[in-house]
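Trainee: The structure that follows is given in the form of structure tokens.
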Amino acid sequence: MDWTVIAEYMPLFREAAFLTVRLGLTGIAIAIAVGIACAVVLYYRIPVLKTLVSFYIELSRNTPLLVQLFFIYYGLPKIGISTNPVFCGISGLAFLGGSYMCEAFRSGLEAIPPIQSESAESLGMSRLQVMRYVIFPQALSISVPALMANVIFLMKETSIFSAVSIMDLMFTAKDLIGLYYRTTESLFLLVVFYLIILLPISILGSLLERRLRYAGFGA
Amino acid sequence: MDITDNKENMTEAPVLLSVRGLVKSFDGKTVLDGIDLDVRQGEVVVIVGPSGCGKSTLLRCINALEPIQGGEVLLDGQKIEKDGKNLTAIRQKIGMVFQSYDLFPHLTVLDNITLAPQKVQKRPRREAEEEAISLLKRVGLEGKAGSYPRELSGGQKQRVAIVRALILHPEVMLFDEVTAALDPEMVREVLDVILQLARQGRTMLIVTHEMQFARAIADRVIFLDEGHVLEDLPPERFFTEPGTERAKNFLHMFEFEAVR
């Protein structure tokens, strides 16, 4: 392994890492919002919307991200919606992640016994207040482990972005290997940078979990 | 235990809660079949009956936690309906305590009590907290304001649940077998709080299996069986000479013959 090559590649990988994190976190944030909205629809069994959400979840979970990206990247322009790689990456990740996040939140919501809403309702709270102050905070803490697993999973899925020419870490590594045949150095940097991104998320996840366990939420 | 003072004029007190011809069924099976019941201001009405007779369902219907299939429930002449637009306003006038511990596990005792006053009644935090502390004192739990529900015993949780309902200044309190899930040594501390409320002249509707307690606290005992009100008597009459065979059989279950 040639360390001078590594030093030379470093700035390229750093740029790519920033892009990966930026697109990944944006996509994940939207996925969480989509997931919460869908989970609430399923929890209250809202007619019509409930069917749409179920259809979306099956579609999203049973097709590969690569296919979803191709659909957005090549398909949408054909029906007159112009896209660019960044939009494509973020929306693809949000489309995939939304269903996983929905399932995580839904299991949290359904773990809360009905007596919790009933006692909150009997105190005169509106449905919205019951959800906001009583059900949601408890459901969220129950969902944290699944939620963090999804964040890590989605962050890793960003490696597919290279297929729609987003210059993320994977793209950079493949590019450099193709140009200079510096396979070892490129792959080494690829692994290191993914670890730099993902390890803190993992550690944050276990800290959160432990804190919530000590707080004894949902118990 | 003298709780009968100031209760001579009971028959002249205005009717606060009125249940008229209430019908409730689950999947076509009728659980409550035309219940009529009036509760006057300051009256303590105890509902007893075999399990599955619809006692708890009746309380849940009064609070509109269950949709009803017929009849009506009126509080102060206002109709209580599951999808009525003034439902949250009426529910504040009805305090309910359930059998299972229903405190919010993610909030401290103080936050459990002050959540509804702040969010529903829009009262300032400071004022709600002051009242919460003084109510906690009355039930002997002033030291537990900062504790989480999981740190409390069953009896303590039920006393907090009572305080959480009282702080909204309800006109009537509903107790749904509040001691049924408690260890025997904790039953007393909860019943004492309810007795204290009776002495203050609170209007209460109580479902219980504690017959001695029922006898001590009730102004009237309602015997419910298979969805019908079979008896509506003062406690002394009900426990000594109930009018129906079914009530006699029911009361008999609480007695033991001497073995020797």
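Trainee: Of all residues in segment A:37-61, how many are surrounded by 15 or more Cβ atoms within 10 Å (Cβ to Cβ) and among the hydrophobic types (A, V, I, L, M, F, W, C)?
Mentor: 9
Trainee: Might you let me know whether segment A:198-212 holds any residue that is in contact with a strand residue (DSSP E or B) (Cβ under 8 Å, 6 or more places away or on another chain) and modelled with pLDDT of 90 or more?
Mentor: no
Trainee: Sticking with this structure for a sec: Looking at the structure I just gave you, is A:VAL67 out of contact with any Phe, Trp or Tyr (no Cβ under 9 Å at 6 or more places or on another chain), among the β-branched types (Val, Ile, Thr) and either in a helix (DSSP H, G or I) or within 26 Å of A:PHE161 (Cβ to Cβ) (or both)?
Mentor: So A:VAL67 passes the test.
Trainee: Would you check if there is a residue in segment B:163-178 being crowded, with 19+ Cβ neighbours inside 10 Å, out of contact with any strand residue (DSSP E or B) (no Cβ under 8 Å at 6 or more places or on another chain), modelled with pLDDT of 95 or more and part of a helix (DSSP H, G or I)?
Mentor: Within segment B:163-178, one or more residues are crowded, with 19+ Cβ neighbours inside 10 Å, out of contact with any strand residue (DSSP E or B) (no Cβ under 8 Å at 6 or more places or on another chain), modelled with pLDDT of 95 or more and part of a helix (DSSP H, G or I).
Trainee: Tell me the residue from A:SER99, A:SER82, A:SER107, A:SER91 that is assigned to a loop (DSSP other than H, G, I, E, B) and more than 14 Å from chain B (Cβ to nearest Cβ), please.
Mentor: Sole residue among the options that is assigned to a loop (DSSP other than H, G, I, E, B) and more than 14 Å from chain B (Cβ to nearest Cβ): A:SER82.
Quick grid of which residues meet (1) within 14 Å of chain A (Cβ to nearest Cβ); (2) surrounded by fewer than 14 Cβ atoms within 10 Å (Cβ to Cβ):
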site: B:GLY70; (1), (2): no, no
site: B:VAL97; (1), (2): yes, no
site: B:LEU115; (1), (2): yes, no
site: B:GLU130; (1), (2): no, yes
site: B:LEU135; (1), (2): no, no
site: B:GLY146; (1), (2): yes, yes
site: B:GLU151; (1), (2): yes, yes
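Trainee: Output the number of residues of segment A:133-181 satisfying the condition of being surrounded by fewer than 20 Cβ atoms within 10 Å (Cβ to Cβ), among the β-branched types (Val, Ile, Thr) and within 14 Å of chain B (Cβ to nearest Cβ).
Mentor: Total satisfying the criteria: 1.
Trainee: Right, another one. So, in segment B:73-115, how many residues would count as being of a type in the set (Gly, Ala, Ser) and either part of a strand (DSSP E or B) or modelled with pLDDT of 95 or more (or both)?
Mentor: 1
Trainee: So for segment A:86-105 (the condition being free of Cβ contacts under 8 Å to residues at least 40 places away in the same chain and exposed (fewer than 12 other Cβ atoms within 10 Å of the Cβ)), does at least one residue qualify?
Mentor: No, the conditions are met nowhere in segment A:86-105.
Trainee: Search segment B:179-212 for residues being β-branched (Val, Ile, Thr) and in a loop (DSSP other than H, G, I, E, B), and hand back the single one that is nearest to B:SER18 (Cα to Cα).
Mentor: Going through the qualifying residues, I end up with B:THR208.
Trainee: Filter segment A:111-132 down to the residues that are more than 7 Å from chain B (Cβ to nearest Cβ) and touching a Ser or Thr at 6+ places or on another chain (Cβ under 7 Å) and list them by number.
Mentor: A:VAL130
Trainee: Name the residue, out of B:LYS24, B:LYS93, B:LYS85, B:LYS55, that is surrounded by fewer than 20 Cβ atoms within 10 Å (Cβ to Cβ), more than 10 Å from chain A (Cβ to nearest Cβ) and not polar (S, T, N, Q).
Mentor: B:LYS85
The values are calculated or read from the model by the stated rules, or taken from the named source; none is laboratory data. Given the structure is predicted, the values throughout are model-derived calculations rather than measurements. Virtual Cβ from ideal backbone geometry, glycine too; neighbours counted across all protein chains shown.
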